[in-house]
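Following: one structure in structure tokens, then a few remarks.
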Amino acid sequence: MILEHVLNTSGTNATGVWLDNQGPGCFTPEAVVEAVRRFREAAWLVRANGPESSMGPNGLSCTGALPGLYPEWLGGPEFTQAHGVRFPYVSGAMARGIASTDLVIAMGRAGMLGFFGSAGLPLARIEAALEEMETALGQEYRWGCNLINSMTDPQLEENLVDLLLRRSVRRISASAYMELTPALVRYAFNGISQRDGRILRPNHVFAKISRPDVARHFMAPPPAAMLAELVAAGKLSADEARLAARQPVAEDYIVESDSGGHTDNQPLGSLFPTIMELRDKLCREFAYERPIRLGAAGGMGTPVSVASAFALGAQFVVTGSVNQATLEAGVSDEVKAMLAKACLTDFAMCPCADMFELGVKVQVLKRGTMFPVRASQLYAVYVQYASLEAIPPAIAARLEKQIFRQPLAEVWASTRSFFAERNPEEVQRAEADPKHKMALVFRWYMGSSSQWPIRGISDRAIDYQIWSGPAQGSFNNWVEGSFLEPVENRQAVQIALNLLEGAATITRANQLRSNGISVPPEAFRFDPRPLA
């Protein structure tokens, strides 16, 4: 029974909304806000002075209805059904275990999907994490692990794929790929089969992309030559390769806009439609029978940003920066406190460790740390001089005192020892190429600066490399004055539920507004609150 109506009375044919199960009447903007807040209930659209044939109580005509809306439905059913989760929400695979086992387990138990941040960790540590997550979540919940491209040491990638397949890890977040590798393709199509005309793929690849040219590699079938090589090496069967030749490498895509860490700083409003058009074109070209799903990442720090991602067509959203200051994140309490104070403009791009020589940059926190400045100084020196010995003594002395806190010769000695055990070819190349030797020495600082914040090495706080982006600043602004402002209250699941609940609220406000109802500005605000 329709009990309450809310009208925009600015015109003779004013529109409004009725809600079920509420006492009679009010015609105020406050009532519209209340209607927005009760988005789980059906809303009936009404018009004053409408045709008598559709006339309802009090002389109002019913012009349509909006069904109840749930956060679970924001991305449509395809993603949640494909992965057996309740919510279209993913926590991203922040490297070096920042996306910790605690975070993944919390996500899984809440009906969400989490990826463990395995990049930069030794294989034994990764296997222990897989064991912990499997024990805690088993097959009832969904979870995954990062697989990062290793251009300088492909064997690392091969070894991790061996481990993932041996442990039957069914989901990976594939990151930092510019092109396909045999290890990635082997994982994607291991175990693929056909039953009753249906393709069955036990392994799911989430391709993290921010460029159409990279997306194309994943959306097309793998190269025939690569499949043939994998069959010849005994790493795929002939039947697996035959089926793979008609399938995209990945069926889930993390479309990453301006984010923390590696990023092309693309705005989601431009990037996502471009990738969507490419997806639709390639699906037609290759006549795929199975769907390709797109998710949105980068900037997901407020309900408005999450709602806008779903409005663009995202079937799921991925958060990263906002999880780094949570109780479950694998970083020190000191770093969490630094992130919780960050503003929108407290982030900067600077050279990264893994692709230092190429000048590739990552986005990091600049407030409270000198890392962005010092990393840029090192890259400038690398570009200008041919070797460590060619660096002018005054500049070398300043680097040793301010950045390395030890002689460059000692840095090279420890670096040489590390690579002699892990990858001897790097040592051979460095001893033959002084420029490469300088790059490895500088990368010592770049790599160490990402470990110090995780371990909480306080006397190195000025050199902390903290991967994060503007989403953290916008999140802090949103939660100011709420229960989520203190770091000790920042549970990852509470953040996720509030982002989704808020996104549903804003989606309902937009639904009403697009149907001609005057919606007050306050209806588009959702204040964080503890959610069950």
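No lab work stands behind these numbers, since they all come straight from the coordinates. Nothing here was measured: the structure is a model prediction, and the numbers come from that model. No Cβ is skipped: glycine too gets one built from the backbone with ideal geometry, and neighbour counts run over all protein chains shown.
The residues neighbouring Ile454, those whose beta-carbon lies less than 11 Å from its own, together hold a net charge of +1 under the Lys/Arg +1, Asp/Glu -1 convention.
Taking 51 Å as R0, compute the FRET efficiency from the Cβ-Cβ separation of Ala432 and Lys341 and round it to 0.05. Walk me through the numbers on the way to the answer.
Details: r = 47 Å, r/R0 = 0.92.
With R0 = 51 Å, the Cβ-Cβ based efficiency is 0.65.
As a calculated quantity, the FRET efficiency between Ala42 and Thr63 at R0 = 25 Å, using C-beta atoms, amounts to about 0.95.
Shape analysis of region 340-465 yields a ratio of the Cα radius of gyration to the Kirkwood radius, Rg/Rh, of 0.97.
Taking only the Cα atoms of region 265-331, the radius of gyration and Dmax are 14.6, 46 Å. What number does region 198-240 give for Rg over Rh if you use C-alpha atoms and the Kirkwood radius? Over the Cα atoms of region 198-240, Rg/Rh equals 1.03. The GluC sites (Glu not before Pro) of region 123-171 that meet both conditions, a loop assignment by DSSP and at most 16 other Cβ atoms within 10 Å of the site Cβ, are Glu140.
Of the beta bridges DSSP finds with both residues in the chain, what % are antiparallel, to the nearest 5? The answer is about 50 percent antiparallel.
Quick one: putting +1 on the C-beta of Lys and Arg, -1 on the C-beta of Asp and Glu, what dipole do you get for the chain around its Cα centre, in Debye to the nearest 20?
Values: 50 positive and 55 negative charges, 57 e Å.
Value, rounded to 20: 280 debye.
Tell me which label goes with the value of Cα extents along the principal axes in Å computed from the coordinates here: (1) 94, 80, 67; (2) 96, 65, 50; (3) 90, 58, 41. Read-out from the structure maps to (3). On the principal axes of its alpha-carbon atoms, region 85-168 has extents of 38, 21, 17 Å, going from largest to smallest. Subtracting the Cα-Cα distance of Ala386 and Arg513 from their residue separation scaled by 0.36 nm leaves 39.5 nm. Expressed as a fraction of 2.2 N^0.38 Å, the value expected for a compact globular protein of N residues, the C-alpha radius of gyration of region 84-331 is 0.96. Please report how far the C-alpha centroid of region 211-284 lies from that of region 99-148, rounded to the nearest whole angstrom. Centre-to-centre distance over Cα atoms comes out at 23 Å. Across the chain, C-alpha contacts under 8 Å between residues 6 or more apart give a mean separation that, scaled by the residue count, equals a relative contact order of 14 percent.
Once every DSSP H run of n ≥ 4 in the chain is given -39500 (n - 2.57) and the sum is divided by its residues, what mean residue ellipticity at 222 nm do you get, rounded to the nearest 500 deg cm²/dmol? Intermediate values should be presented prior to the final figure.
Values: 19 runs with 221 residues, N = 532.
Taking each H run of at least 4 residues, the total per residue is -13000 deg cm²/dmol.
Semi-axes of region 121-248's equivalent ellipsoid from the Cα gyration tensor, sqrt of 5 times each eigenvalue, largest first, rounded to whole Å? Semi-axis lengths for region 121-248 are 23, 19, 15 Å. Once the Cα-Cα distance is subtracted from the 0.36 nm per residue extended length, the Arg284 to Arg166 segment shows a gain of 39.0 nm. Hey, what did region 84-331 get for relative contact order, percent, Cα under 8 Å, at least 6 apart? The normalised contact order for region 84-331 reaches 18 percent.
Shape call for region 209-264 from the C-alpha gyration tensor, a ≥ b ≥ c root eigenvalues: rounded (a/c under 1.5), prolate (a/b greater than b/c) or oblate? Here region 209-264 falls in the prolate category.
Could you give the length gained by full extension between Arg367 and Ser414, i.e. 0.36 nm per residue of separation minus their alpha carbon distance, to one decimal place?
Details: separation 47, 0.36 × 47 = 16.92 nm, distance 3.00 nm.
Here the segment from Arg367 to Ser414 would lengthen by 13.9 nm.
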